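Asks: If you scroll down you'll find the structure; I have some questions about it.
The values are calculated or read from the model by the stated rules, or taken from the named source; none is laboratory data. Please read these numbers as outputs of a predicted model, since none were measured by experiment. Reconstructed Cβ throughout: ideal geometry from the backbone, glycine too, with neighbour counts over all protein chains shown. We work out accessible area using only protein heavy atoms, side chains counted, and drop any ligands, DNA or RNA first. Shrake-Rupley method; radii C 1.70, N 1.55, O 1.52, S 1.80 Å.
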Amino acid sequence: MSSPPQRFPELLVPFRERALRVGVLARILLLAIIAVALVSRRPFDVRLTAVTALVIANLAYLITRVPWLDLLHRPSGTRWLYTWSVLDIVLVTLGIALLRPDGSELFVLYALAMVLFAATYPPRGQAALLALASACYLSVVALDGWENSPAETFVRLGGLALVAYVANFLSRELLAETAAHGAARRESESRAGMLAAVASAARTMSTLDPSEVLGTVVDSAGELGFDGSSLCLFDEASDTWRLAHSRGVESEPASVRPLDSGAAGLVHARRATVVLDRHSGWPLTVRSALDAGFRFLIACPVWSGGELVGALVAGSVERDRPYPHEVECLDLLAAHTGAALNNARLYAERRAFEARLAHQAFHDTLTGLPNRALFLDRLEQSLARTRRDGEPLGVLFMDLDRFKAVNDGLGHDRGDELLAAVSMRLQAQLRPGDTLARYGGDEFTVLLEKLRSDADGIDVADRLLRALDDPFTLSGHQVKITASIGVSFAKAPFADDLDPLREADQAMYRAKERGKGRWEVFRSEMNAQAVRRVELEGELRAALDRGELRLHYQPMVDLATGTIVAVEALARWRHPARGDVDPSEFVPVAQRAGLVARLGTWALDEACRQAQAWEQEGLAPVAVAVNVAPDHLVAPDFPEQLERLLARTGMAPERLTLETSEEAVIGRSAPLAEAAAVIDRMGIGLAIDDFGRGYSALRELKRIPVHAVKIDRLLVQSLDHDPADLALVRSLMLLAGELHIAVAAQGVETTGQLDRLRAIGCPVAQGFVFSPPVSAAALADLLKAPSMPARSP
């Protein structure tokens with residue numbers, strides 16, 4: 001705020017200094033005039049002249065040596081100035097007295113004394129000087145014996161009065177001009193100071209978040225000199241404003257008020273700065289500020305990004321009205337406030353965006369769990385702590401069994417829903433401090449720290465498996481899913497190349513190989529198995545490139561006539577170094593390596609070519625069944641592949657049957673039904689292999705155009721000793737008959753099983769009881785025989 005106006009004498013100090021300098025020179029001139037007048041008198045008096053000259057010279061020297069300006073600036077400087085004026089008048093009077101009657105012309109010096117200094121005195125001081133000058137002049141006139149005429153005396157006294165009036169007039173003009181210059185200077189200095197404070201506040205606000213901007217704004221308003229200030233933020237949705245921050249006297253005592261109340265309400269209504277003082281009147285909505293002692297208020301709009309977001313209100317309890325530059329600076333502070341709030345909002349949004357990016361970089365967007373990168377980082381830190389502190393840790397690697405079937409069958413949205421639901425169940429089973437991460441796809445990893453024993457880690461694996469026991473409901477579909485878990489432990493001391501995650505991964509694959517839905521703890525021999533799988537994958541690729549794979553064929557026999565009605569093509573691989581590689585070993589490798597489609601394409605081509613070769617040899621046409629992986633079967637370009645295959649080989653479509661597992665049906669009814677419909681229109685048959693294994697595919701049969709089902713070998717092989725399985729097989733046959741679907745039994749190994757199948761009316765069987773899978777040449781010999789007799793075990 002501006003400082004109060006200075007007192008009258010202090011405003012005219014510069015003029016007094018100039019007058020003092022002129023006065024010193026004038027007094028020396030006065031002494032010189034007196035000296036000349038005395039010396040020029042007749043008769044000439046040498047002694048008087050010398051004395052006069054000496055006295056006047058010393059007086060002049062003393063006048064020049066006295067530190068008049070220093071005396072003027074002392075606390076008693078005003079008294080020194082009055083003393084100077086009095087001595088000045090007395091000196092003039094003495095000069096007139098010494099030179100009378102010639103000295104009467106020095107009367108004009110009275111006027112000089114009055115004009116030079118009286119103009120810088122207040123009215124009472126001017127009147128005192130006028131009285132003194134008049135008294136001194138009358139004293140001189142009295143000494144002369146009143147030789148001057150009354151008219152001359154009156155005129156001269158009137159001249160003194162006129163000079164006093166002129167001095168008074170000049171003093172008022174000087175005071176007004178000096179006061180104006182002083183006020184302008186003070187206003188300029190105050191404005192510069194306030195602008196500097198606003199600039200400082202703007203710099204401070206530019207680096208703050210929104211919550212800190214509010215307090216900085218109000219504090220900055222206080223630094224501008226206002227007695228009280230507040231920042232009000234508008235809420236258009238609720239038609240209210242709230243007091244975000246205040247300082248000093250409360251101008252708006254309520255924290256939340258209607259949008260049309262208070263000075264902030266006036267700003268919202270007018271969309272402009274509002275100034276309230278005692279001369280403009282106070283609306284009733286602002287009476288609370290008047291009651292709080294404020295004598296004026298300035299309320300400035302706060303615009304942020306083109307939107308009116310609030311009002312900055314400040315006021316004083318001392319002055320009646322603000323200075324224009326105060327309104328200007330508060331307006332400028334409000335503008336900076338709006339910009340700061342907008343920048344702070346953008347800053348907050350940027351920080352939130354960066355936080356989201358950082359979270360997304362280290363968390364899975366679907367489940368919210370830590371992702372692979374964050375898990376690996378935490379695992380590395382845990383291993384370092386284990387090496388340092390000796391506290392063991394455990395790693396679990398989990399893969400959901402049959403997730404791909406659900407994902408492809410019910411759609412990716414349901415698959416995502418399942419993953420999110422699984423992650424919630426798993427998270428609920430972990431201890432505080434354990435880390436569950438989505439490693440990728442349907443794979444989850446768990447980091448267990450501060451284990452007391454291996455049993456703690458195994459207990460967690462058990463709980464995770466039990467958490468998946470209850471089925472999941474996905475948009476009306478109930479899905480049962482299991483998981484395979486590999487468990488690995490790290491205990492100090494350990495080698496630098498220890499990789500518990502890789503070990504848990506190997507253990508997980510061992511769990512899948514041993515039946516899924518279980519856990520396995522890593523053992524050292526699994527390393528060799530993992531190395532073998534990796535090597536086998538590369539060798540399988542090379543084998544496909546070099547054509548090392550062969551097809552063997554197993555006949556499917558009509559139990560009523562004993563004739564071969566079809567053959568199933570089965571891939572076989574004779575490794576140059578390893579010898580025969582079992583399909584149970586290389587087919588999972590092909591699935592893991594993404595080679596099943598290539599393997600299936602090769603098998604289809606080879607089987608159709610061989611069927612045509614048999615026919616060209618004069619053998620009776622025989623149907624061929626080829627296993628096709630579920631992913632290959634539902635691939636968008638698979639029908640085109642089949643058309644090119646039939647055209648290339650000349651194979652009749654009705655002699656080709658595609659077999660897929662019962663597991664492929666579960667959760668894939670929609671895409672499989674679509675693919676099966678296309679295949680059916682082409683005249684190619686579709687059979688469900690391993691039917692009855694327990695995947696509840698019965699209800700899917702009515703949705704998919706299936707031509708045949710093959711009873712699972714495990715059911716067939718238990719017919720010798722389990723009557724319940726016999727009843728189950730009979731039920732499956734009856735169901736298939738009602739749906740007009742052909743039935744075949746696979747895996748028949750004994751004549752006892754064969755007899756029971758004949759007893760319940762099974763039409764077709766396949767298995768070692770007739771023949772193992774054989775080469776194409778050996779099968780040609782079987783085709784030449786009129787019937788296939790059963791072999792004794």
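Asks: Mind listing P(r) for region 520-604? All alpha-carbon pairs, 10 Å bins, whole percents.
Replies: 15, 41, 23, 15, 5, 0
Asks: What full-extension length gain, to one decimal in nm, is calculated for Q360 and D456 as 0.36 nm per residue of separation minus the Cα-Cα distance?
Replies: On the way: separation 96, 0.36 × 96 = 34.56 nm, distance 3.13 nm.
Additional length available on full extension: 31.4 nm.
Asks: Follow-up. So if I average 1/r over every pair of distinct C-alpha atoms in region 345-405 and take the inverse, what Kirkwood radius in Å does that give? Can you show the working numbers first?
Replies: Values: mean 1/r = 0.0694 Å⁻¹.
Here the Kirkwood hydrodynamic radius works out to 14.4 Å.
Asks: Separate question: With label points built 7 Å along Cα→Cβ from the Cα atoms of A778 and R203, find their separation and express it in nm.
Replies: 9.3 nm
Asks: Over all directions, the average projected area of the alpha-carbon convex hull for region 543-586 comes to how many nm²? Numbers along the way, then the final one.
Replies: Working: hull surface 15.7 nm².
So the Cα hull casts an average projection of 3.9 nm².
Asks: Across region 499-511, in residue order, what do the Karplus-derived ³J(HN,Hα) couplings come to in whole Hz, using 6.51 cos²θ - 1.76 cosθ + 1.60 with θ = phi - 60° and x for Gly and Pro?
Replies: 9, x, 5, 5, 5, 5, 5, 5, 5, 5, 5, 5, 5
Asks: Any of K450/K480; K516/K710; K404/K450 with alpha carbons more than 25 Å apart? Name them for me.
Replies: Beyond 25 Å: K450/K480; K404/K450.
Asks: Ignoring ligands, DNA and RNA, what accessible area per residue does region 348-472 give at 1.4 Å, in Å²?
Replies: Working: 6020 Å² over 125 residues.
On a per-residue basis, region 348-472 sits at 48 Å².
Asks: Using C-alpha positions alone, give me the convex hull volume of region 453-558 per residue in cubic angstrom. Could the numbers behind the result be given before it?
Replies: Working: hull volume 23.6 nm³, N = 106.
About 223 Å³ per residue, rounded to a whole number.
Asks: Taking 0.36 nm per residue of separation and subtracting the Cα-Cα distance, what length does fully extending D680 through E391 add? Present the calculation step by step, with values, prior to reporting the outcome.
Replies: Values: separation 289, 0.36 × 289 = 104.04 nm, distance 6.15 nm.
Full extension of this stretch gives 97.9 nm more.
Asks: A follow-up question, please. So if each residue of separation counts as 0.36 nm, and I subtract the Cα-Cα distance between V534 and E643, what length gain in nm does that give? Each step should come with its number before you reach the end.
Replies: On the way: separation 109, 0.36 × 109 = 39.24 nm, distance 3.47 nm.
Stretched fully, the V534-E643 segment lengthens by 35.8 nm.
Asks: Once label points are set 7 Å from the Cα along Cα→Cβ at both D582 and R351, what is their separation, rounded to one decimal in nm?
Replies: According to this spin-label approximation, the distance is 6.2 nm.
Asks: Where q = 0.13, 0.22 Å⁻¹, what log10 of I(q)/I(0) comes from the Debye formula for region 702-756, counting one point per Cα?
Replies: So the normalised log intensities are -0.32, -0.81.
Asks: Enter the accessible area per residue of region 521-586 (Å², integer; probe 1.4 Å; all protein chains in place). Display every interim value, and only then the final one.
Replies: Values: 3240 Å² over 66 residues.
Value returned for region 521-586: 49 Å² of accessible area per residue.
Asks: Once Rh is set to the Kirkwood radius over Cα pairs, what Stokes-Einstein translational diffusion coefficient, in µm²/s, holds for region 278-422 at a temperature of 25 °C and a viscosity of 0.890 mPa s?
Replies: The estimated diffusion coefficient comes to 112 µm²/s.
Asks: Using C-alpha positions alone, give me the convex hull volume of region 372-465 per residue in cubic angstrom.
Replies: Values: hull volume 8.1 nm³, N = 94.
Enclosed volume per residue, from the Cα hull, is 86 Å³.
Asks: Could you tell me how many cubic angstrom of Cα convex hull volume region 415-502 has per residue? Intermediate values should be presented prior to the final figure.
Replies: Details: hull volume 8.5 nm³, N = 88.
Value for region 415-502: 97 Å³ per residue.
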